[in-house]
Amino acid sequence: MTKRVTKWGRIAVILAIIALSCFIFAGIALAESINMVAGDNPITGGPSYVVKADHTYAYTVTGTNMDIDVNLFAEGNLLGKLATAPDGSTLNSIVLDFPFGPMRYSTAADPAVNDANEAIDPAYTPTTIDPEDHNLDGLQGKSVDVWVTVNGVEYLTKVIPDLRENITLSDGSVIDRVYLTVERQLIPAIGKVTDFRIERLVVHNTKAPKEDYCVNIKHSKSCFTPKCLNLDVVLTVGRISIDTIDDCKVAGARVNVTGHVFRTEGGYLLDEFGQQTETWLDYPWPLTTWPVIIEYVVQTTNPVYPPCALCPAGTPYFVPACVSDPNLGDIVDNGCLGEPYTHQDPSSGDCIAPVITHTVNVTDPITHLIIDRGFFEASIVVPGVAGVSHSIVARTIEVKDTPQDASVQYYFDTADYLVPVESLEDMAYVRETDDNHFLRGFFNEDLEALEHAWVYSDPETILPVAGDPKYITVTQVGTQVDCSAYVPVRIILRDKFGNATPNKVPCGDNLAALKIDLKSIVCDPDDPTGTINPEAPFGTILDGNDSGAHEIDYTQIAPGASEVTVYFKADEGGNVRIIAGAIINGVNQLDAICCLEVNCLICILEVTPLVPCDQIPSQYLNDPNYEEPAKAGWPVKISVHYDPRLLGTILADPNRTSATLRVELLDSSLQTVISEASWDLEAFTDGNRLAFNMAGSKGNNDTYLHPNINETKSDFFVYVPWSYCGPLAVKVVDPEKHVWGTKLITYNSPVELVRVLRPNTWQLISTPKELAGAGTMSALLGGSYFSDMLIYDKNLPGGPWAQITDPAYQLRPQYGYVLNMTQDWTNGGYCTSNDCGSESCVQARYVFARSTGVEMPGSRPLNLGWNLVGPSFSEDIHYRAGEQLTTAYGTVTYPCPPNTECVCGDALTQGDTLSRMLGSACADCKTLVNWGGKGLNSFTSPGPYGPVAITLQGAPNSMGNLGAFEAASVNGNTYGGYYVDSSLYGFNGDAYWLYITSPQTLTSNTILKSADVQP
């Protein structure tokens, strides 16, 4: 019960009807009936009055067979009566009284001492538990539905309850009181009230179980007989806690878990003055052999479903988890030696089984009196991966249930009708609360055979530590190393599950230093588990990684340490096995780097991107070591300058005229294979065009015969897809002579122009020059985002307007196209805000073709009258606008990956003055019109590269054009002035209407760039 008193509910218009005594005008119906139910019984499905202690229910109170004048049942003078009697005692109201539960008293800190041999706690004296509070919070400021039947017609009225807390009655009992005043004006009828029904009367129950908990109901005008509405409040688990878990949680061992189950009557102690203290007193569970399950859990979250406006974030809660039992894991062969050591894979075993235990009473060994109740204890297996935390909980059945369930060793039983109704707290997982009570049957998983209502403890963390030292491992260093390198040999001490473990007793004292014997010997790469000659040493093992290091044949893992690192140095090419051994628990434990290829690095590779980045950053202009980035999707030529005879070296072989070289395609660490990369001995072409976005026929570790150009040179070509972001390390190895070379290629985006089109409308587009690859509109847009594609050309059959339906149609430079864009809706999956989805813009990503020979600038014919033309400016003009253009539908950023330093050119705003665009055609041109109106705004200012710099801001026009003008009158006498007029500025990718008075030719201001595929 709460200590605060709410104000009266909302007051409506008053009906001035005099309320008379029900005894005078109505009388009392002899067959009247009033009932109170909490919901449906989970077993029988029928209405039930059996409820859980300390839980919240939305009660329904039903009155039938009444005979009450509506003017007396409802209140018609609400404002007037409140003005004379502010406490509302004169209102016509239904009154419900909810009593306190029985109080608990104790003379000791632990009440279990005083009720040592009692099954259910009696009342104690003189220390009291703080009274219950907040019982009526669910009604605060909320309306209650009261249905009233008059003359056979049912009317819904909304009533704001008047709540009176902690009222002491004449007999000394304390109650919470609820007034429900139905306003007369809400019932448009005259006659008798025969039935009423109160719905969603949200009240929190007493904490104490009571078989005959009485809720008193009456009418303030005695319109019906007062009645005790009995509820059966059953013994209920209030909470369950995990109190202790063993400190040392060794992987694979068992850990002891203890805790308590408590009933609902806990509260804060009161002092001698009746004031609440900060001391909380729990009441242990009185029943023994009550099942408790200890298990691993994982946090999950309820899914959120549309519509978004009604979708709060999902609530985290815990469900049983399958955590592998390391003791049941697979046996793993770790080594490559003749007698390999093994360990158990801690992640491959069956799930750790939940542990079922029961509550017990703890007795004093001397007095044999009960000193604790509701106690449970059990042990559970610790997961096998050290350092990875897991959550563990204890859960228990909330109330006596039916039927019994042998699967969870639950043998209590009760009648079906005495199983309580599920409360609002039990719906916590769908009500977005943090309550640990769950709906009956929600956790009916593999463990429990039957449905029950469950209570969970808060999760506790188990963080496994590694176990006793069992064996050692030598960390692999890849398949190849350089002969000049100091190769780290990392030796790690491990437990039986493969966890790195310190050289000590788990959670205890350090052990003595562990000696590790070392040797490095020649191995056969064709027989990695054997040796050519076990006695043939190779290289040296050192205690450091510099010239001052000493050669060693053993090392130590220090007390408390888990590893040690030594170094191997070869000084020549070959194949080596590095072996480490230690005596652990009387067993010789060995491990090795099985057969490591040692090669000597020489400078043999030259990298030539066939399509390099167009501009070198200014900071690298004079840097001789600057490696020019390549554009992804285009081949990169790798030239190998290598004399197979190796004249002038200790590996010289004058009769060796060729070598079989192995090509490796790796990441920058030279360890991970890049599966997207491939290579070939030729650069693929399509006529006199370099083929784009191809794949070679060879992959990582494939070989070829060198040389293939002249006696010391060979070429091959590396391919990556156009979306690759790099970098890529190309490694070439001569395995016979153990020499190698490597180069790192960095990649940028091949996209040279980006245009943005709006969906679900008509848009204009053009290309300034021939496109690479398929060259189709779908390839340009990355999909078929349009339903119609039109071109305006009087020379076409059926022109000038022609619809292009051929999907293989290649876009023609300097021609304008009109696209009917389709919708491009995206909802982003389940949404969490009111912005469920939106139309996405479509990006046209231009990659221009590359010629493998000589090339001339392009041109297109112009017909008399109107022509739909596209600009063809150079993309390399250096004073153009910035790298980002904010549009009306989002921001399109610079396409080059941000982790590269290459300036790929202005990809969004490739523009220039109209004088350059129209210079060759303006002898008889008259008007240039920007369909859709003006696009960007342009500003002229002094520039760093010339007399002026043009800054562009804004968004495309309604047709997708960027052009910074609406219309221009152009002819041979005026076009030259456009050079300094920033308002007359056009852009690659736009399409404009041009009117001329005689046939002309529109020439291009740019030309296809060339790619040299010659050796």
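Structural remarks
- Selection count, segment 840-875, where residues are assigned to a strand (DSSP E or B) and open to solvent by 40 Å² or more (accessible area, probe 1.4 Å): 5
- Contact annotation: residue pairs with Cβ atoms under 8 Å, 6 or more positions apart or on different chains, pairing a residue in segment 137-163 that is closer than 14 Å to LEU96 by Cα with a partner that is outside any loop (DSSP other than H, G, I, E, B) and open to solvent by 40 Å² or more (accessible area, probe 1.4 Å), are VAL144/LYS158; VAL144/GLU199; VAL144/ARG200; VAL146/LEU156; VAL146/LYS158; VAL146/ARG197; VAL146/GLU199.
- Any hit, segment 749-759, residues being among the β-branched types (Val, Ile, Thr) and assigned to a strand (DSSP E or B): yes
- Residue, nearest to ILE245 (Cα to Cα), within segment 446-495, restricted to residues that are touching a strand residue (DSSP E or B) at 6+ places or on another chain (Cβ under 6 Å) and small (Gly, Ala, Ser): SER457
- Selection within segment 600-614: residues that are closer than 25 Å to PRO644 by Cα and not aliphatic (A, V, I, L, M). The member of this set that is surrounded by the most Cβ atoms within 10 Å (Cβ to Cβ) is CYS600.
- Count of segment 236-264 residues which are open to solvent by 40 Å² or more (accessible area, probe 1.4 Å) and hydroxyl-bearing (Ser, Thr, Tyr): 1
- Residues of segment 561-577 satisfying the condition of being under 30 Å from GLY508 (Cβ atoms), open to solvent by 30 Å² or more (accessible area, probe 1.4 Å) and part of a strand (DSSP E or B): GLU563, THR565
- Restricting attention to segment 640-688 and to residues that are over 45 Å from the mean Cα position of the chain (by Cα) and of a type in the set (S, T, N, Q), the residue that is surrounded by the fewest Cβ atoms within 10 Å (Cβ to Cβ) turns out to be ASN655.
- Subset of segment 211-235 that is in a loop (DSSP other than H, G, I, E, B) and touching a Gly at 6+ places or on another chain (Cβ under 9 Å) - its residue that is surrounded by the most Cβ atoms within 10 Å (Cβ to Cβ): PHE224
- Flag if ALA729 is over 21 Å from CYS841 (Cβ atoms) and surrounded by fewer than 22 Cβ atoms within 10 Å (Cβ to Cβ): yes
- Whichever residue in segment 578-597 is assigned to a strand (DSSP E or B) and not hydrophobic (A, V, I, L, M, F, W, C) and, among such residues, is most open to solvent (accessible area, probe 1.4 Å): ASN588
- Answer residue from segment 130-167, given it is part of a strand (DSSP E or B) and modelled with pLDDT under 90 and is least open to solvent (accessible area, probe 1.4 Å) among those: GLU165
- Number of residues in segment 265-304 that are assigned to a loop (DSSP other than H, G, I, E, B), of a type in the set (Ser, Thr, Tyr), on the phi < 0 side of the Ramachandran plot and open to solvent by 10 Å² or more (accessible area, probe 1.4 Å) equals 1.
The values are calculated or read from the model by the stated rules, or taken from the named source; none is laboratory data. As the structure is a prediction and not an experimental result, all values here were calculated from the model. Don't worry about glycine lacking a Cβ; one is built from the backbone with ideal geometry, like all the others, and counts go over all protein chains shown. Protein only, heavy atoms only, side chains kept; ligands, DNA and RNA dropped before computing areas. Shrake-Rupley method; radii C 1.70, N 1.55, O 1.52, S 1.80 Å.
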